1. Straight distance only, please: which lysines reach the Cα of A:K199 with their own Cα at less than 17 Å, same-chain residues fewer than 8 apart left out?
2. Just subtract the alpha-carbon distance of A:E52 and A:T380 from 0.36 nm times their residue separation and send over the number in nm, one decimal.
3. Using only alpha carbon pairs under 8 Å that are at least six residues apart, calculate the relative contact order of the stretch B:154-208 and give it in whole percent.
4. From a point 7 Å beyond the Cα of A:F63 in the direction of its Cβ, which residues of the stretch A:238-282 have a backbone N at a distance under 16 Å?
5. For the stretch B:116-216, what does the alpha-carbon gyration tensor say about shape, rounded, prolate or oblate, given a ≥ b ≥ c as the root eigenvalues, a/c under 1.5 as rounded, and a/b over b/c as prolate?
6. Neighbouring Cβ atoms within 10 Å as the yardstick, rank A:Y162, B:Y278, A:Y315 fewest first.
7. Arranged from highest to lowest average of other beta-carbon atoms within 10 Å per residue, in what order do the peptides A:265-271, A:318-324 appear?
8. Place a point 7 Å from the Cα of B:N168 along the Cα-to-Cβ direction; which residues of the stretch A:145-187 have their backbone N under 14 Å from it?
Amino acid sequence: MLSTLPASTLSGCLPTTRSPAVSKLAFFNSVTGGGSKIPNYRVLDALGAPIEGAEVPEISEQFAWRLYENMQLLSTLDDILCSAQRQGRIPFYSLTLISLKYGEEATVIGSAAALADDDEVLSQYRETGVLLWRGFTLDGIMAQVFGNHEDSSKGRQIAVHYGSKQHHFHAVSSPLATQIPQAAGVGFALKRDPERRSKNIACVFFGEGAASEGDFHAGMLLASTVPSPTLFLARNNGFAISTPNSQQFYGDGISARGPGYGVDTVRVDGNDVLAVMNAVKEARRLCLEGGRAVLVEMMTYRVGHHSTSDDSYAYRERQEVEDRNRNDNPITRFRLFMESQGWWNESDEQELLFRLRRDVIKALKRAETVKKPGLEDMFTDVYADEPWNIREQREELMALLKKYGQVWKPWQNELGTLKNGG
Amino acid sequence: MLARRLRSTLPALSRRWQTTASTTAIEPPSASGHSSSVASSQLLRITRESALRTPGISWQDEESDRNFVGGRETRKMNLYQAVRDALSIALAKDDSAVIFGEDIAFGGVFRCTMGLAEEFGRERVFNTPLTEQGIAGFGIGLASMGHTAIAEIQFADYIFPAFDQLVNEAAKFRYRSGGHFSIGGLTVRTPTMAVGHGGLYHSQSPEGFFMGASGLKVVIPRSPIQCKGLLLSAIRDPNPVIFMEPKVLYRSAGTFPIPPCVHTLIPPTVEQVPIDDYALPLSRAEILIPGSDLTLLTWGTPVYHCESALRLLNSPPPSLAPLIPPSLRSAKVELIDLRTILPWDIETVVESVRRTKRLVIVHEAGMTGGVGGEIAAEVGKRAFLRLEAPVRRITGWE
């Protein structure tokens, strides 16, 4: 008996497609069709010159300076804080200082520059650049890294786990990818808020390794189905600690996954700050307009070690790192562009590097002298109120301190470093 | 007598523990042995008068006198209807409140969200894809922006994919940010405990797994009136709360024998639930039956098993009488419903044990690592010299 139903009703229940019927059995394995790979959007070549057909954004000299200075600041911070850690100046408990950016400066500064200052940002831990772009002070950076009493999170977290409500930068947490579905919820809140709907998006950063977590899949699903205006920025830097991409996934990077969720996607040269800026700006516009997830994959290379606890030459060739750093350096590429515009010269460079190093070292030295939070602060904020178990534990510690704090040298020394003597 | 006098001077007195004492009396079972009729519970408030006098009830109306009881209405509701009523009030009064989870929109697999999508719209009551970690993460993000996020995990057995989000993120959200970020608006509702036919994966009681997640609250109601008031409190509490609803208590009619003990029938958990907005306090246990010889502490479905057990102990049928020494039959056992599991009401429990000198904790979850061990350790520490027997636990088999 032949079916009398039209062919289209036999195509299943897909939300956005109507699958045509075909007679030839053919497997596919490319989101761009015909076996081609996803292209890489770029504006500047390796020497900072616009490529053919490039869409060079219209930026002022001042704006270019701001981009460049922030990228150099990230690099300087990385350099000095890593040295300080090796010298033992960063406190013992912050032994693992995550490499801030080294090699990925353009991904984060370019993105930050394309977002609105009050777009809600949820990050992984390599996005300090967003905070710097938004005006977070070096004193604030150092307070968190040193865990002193000026730290807004009261010295509770491992280094580089910043948070700033004022800068719309959600507190960082160590578990990877947990921020991704949370961002979908943040985006939904923005959509539900009449004051911020159509004005702001939620923006979430994560690495290509974190994108293997189930939370990536969950976040993409929520933001694409609910839907919510959430911008997914994947930094593909080639390594998840020691694990290279070839051991992390088999498909065409993270961008290949976007269309799987029905999400507008683009891949961009992450070491080209102008390309990143262009791409994220357009992605943001699509996100606001569609009220739905958009995915940007930024291709870059992690020049630095994963953290101060890592020696990456244990799993990759030093030559490879040096070559990448020389041939595809985000800071160099943009500097060459600025020089070609007549906006930069060698003496500007010397001056900037000198000033940045001076400012960072000054903030570091100052932070070293600031005391850690008092121990009372260790017990607050577990709940909004204080339940009996927290109260009793706090009282127990206070009693122990009273008993031993004055007579036991190791404790005496420790208490001396705390605000109000503990 | 004492309880009645004290109650008449409430709320002037700030007696911390509330008791249903004077409204309960244990009814002896029928002479034939086990109840051939529908099981009943003296703990359920099936009249308007008794319902309006639920201990600890706190009316949340703006206009009228907070303690005015006189003209208030009640309606017969079972547990899922009480959940729905609470959710409806939450959405009506809080514009930022939304409800989401799997199969929420059509009404939910237990009908807890019936009619809500129609009443409040699909932007506020909606389905999510099948991903518990996504549901929890989404709820955390939404609550971090100050909104009221009411998430549902379809069965407590499936809460484990969300464990990372709940323990590593939700519990620590306020603490790790120095108090600058918080997610008080998050409530995660989930059906819990055995239903009789659920097997391994529709019957679990995972509250014990969350005891170490300081920063979270865990609440388990025993009846419709309790459920509505505790759920509204949980939604409005400035901390993330996991609200576990004993699923066997959802439905109105019928009794569900839980094999293998045919004597333990779950009564129809239907009460006259006040239709107004009211709250019941979190972290406050409730003494359901006063006693002096032993404290029996439990929560959720086992409240009714305990009540039945006390009846049987008090007046054993002929078949059991030889096994129960007459001296035990006059034991006056104090039955307490813990209600909030984390942070739990240590004051009420310890005060009771100091009087009775014996404690038995009952929970459906298995013994090892169950909540009972934690309570036993704390009570043992504080009442050691008063105890006349070790603290014992009666739990599900592992």
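Every number in this text was worked out from the coordinates using simple rules, so none of it is lab data. Predicted, not measured: the structure shown is a model, and the values here were computed from it. Ideal geometry is used to build each Cβ from the backbone, glycine not excepted, and the neighbour counts take in all protein chains shown.
1. In chain and number order, the partners are A:K191, A:K281.
2. 112.3 nm
3. 47 percent
4. The answer is A:273-282.
5. Oblate, because a/c is 1.5 or more while a/b does not exceed b/c.
6. A:Y315, B:Y278, A:Y162
7. Put in order of decreasing packing, that is A:265-271, A:318-324.
8. Backbone N within reach: A:172-182.
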